[in-house]
Amino acid sequence: MSKDKEKTNIIGETEETLRTRVQSWGFSAFHGSQIFNWVYRKYSKSFEEMTDLPKNLREKLEKQFFIGYPRVIQTIEAKKKDAKKYSFLLEKNTAIESVVLSGDGERTSFCISSQAGCAVKCLYCATGRMGFIRNLTSGEIVGQVLTLMENHGKPSSVLFMGMGEPLFNFESVVSALRLLSGIGIGVRRLSSRHAGLQHGSTTSPGQTSIQGLRYPSAPQLRKRDGRSSPLQKATLCKILKMLLYSTEKILEKE
Ligand code: SF4
């Protein structure tokens, strides 16, 4: 984390934005791809070590950005060593958690947070009892994955099943998904759990997929008695808004 409020966290920048940025500074766009590589594939913690970049570009980066990994404040490993919990401290003294699951020893799943606290308040959930604190930025979401990858290698899957309801932080989650795709974690490895809707999404008939997140179809939203709960109604409303938002974005690009 940086104490310099003027600087931007480079974790969260896409390859495209980095290429555009360095070009605007008068450097080759190729250097943007090199920076992307250093940050997301080599887990670089300083611009100084990006030795294939011109020195004046490294100095420029130093002035504009910081490399803001979430700070690990505690790790707890299960006795069977099949799960490890990471507690992180983010900016604004925000604490979140991620979990690495390596059940059968062959597959590793990262369970990451999309929000600090949660407004949904599911009765069984400790996060729900905390209440909502704030949405995480895409950089803070990806920062969890980078930290876990550095320690555990590339995961078999990334699950948005940590703190928060990912659908309520849609823009940051979608940006994070794009970034994770850019570092070779394909959308098929990513799944999301939604409160009251569907737990541990997998592809099944009738589901709608938007940029890596899968949502249940209308019949799946219905309760057994044929009526929707207030939460389901609220979430359905949110999904419809997001569908409209996504459609607008697609149309903007055409
Ligand atoms: S949506 Fe998830 S994080 Fe939020 S209260 Fe429910 S179980 Fe907990």
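The table below lists the values:
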quantity	calculated
Distance violations [Cα-Cα > 22 Å] among K60/K154; K45/K154; K5/K63; K81/K154; K7/K84; K5/K55	K60/K154; K7/K84; K5/K55
Ascending count of other beta-carbon atoms within 10 Å, so fewest first, for V142, V158	V158, V142
Three-way shape call for the stretch 8-66 based on the alpha-carbon gyration tensor, with the a/c threshold at 1.5	rounded
Sites matching trypsin sites (Lys or Arg not before Pro) across the stretch 14-51 that sit in DSSP coil, with at most 13 neighbouring C-beta atoms within 10 Å	R41, K42, K45
Sum of side-chain charges, E48 neighbourhood, beta-carbon under 12 Å (Lys, Arg +1; Asp, Glu -1)	0
Full-stretch length increase - A83, K5 - with 0.36 nm per residue and alpha-carbon distance subtracted	24.5 nm
Neighbour-count order for Y43, Y124, fewest beta carbons within 10 angstrom listed first	Y124, Y43
Environment charge at S113 (Cβ cut-off 9 Å; Lys +1, Arg +1, Asp -1, Glu -1)	-2
Low-density loop cleavage sites - GluC sites (Glu not before Pro) in the stretch 92-177, where at most 14 other Cβ are within 10 Å (DSSP)	E106
Local electrostatic count at I76 - Lys and Arg +1, Asp and Glu -1, tallied over other residues with Cβ under 11 Å	+1
Inter-site label distance for T14 and R129 at 7 Å from Cα along Cβ, in nm	4.1
S181-E62 pseudo-label distance in nm [points 7 Å out on the Cα-to-Cβ vector]	3.6
Label zone at E150, where the point sits 7 Å out along the Cα-to-Cβ direction: the stretch 4-40 residues whose backbone N lies under 16 Å	9-13, 36-40
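Here, each number is a calculation from the coordinates, and none is a lab measurement. Since this is a predicted model, take the numbers as computed values, not measurements. So basically every Cβ, Gly included, is an ideal-geometry build from the backbone, and we count neighbours across all protein chains shown.
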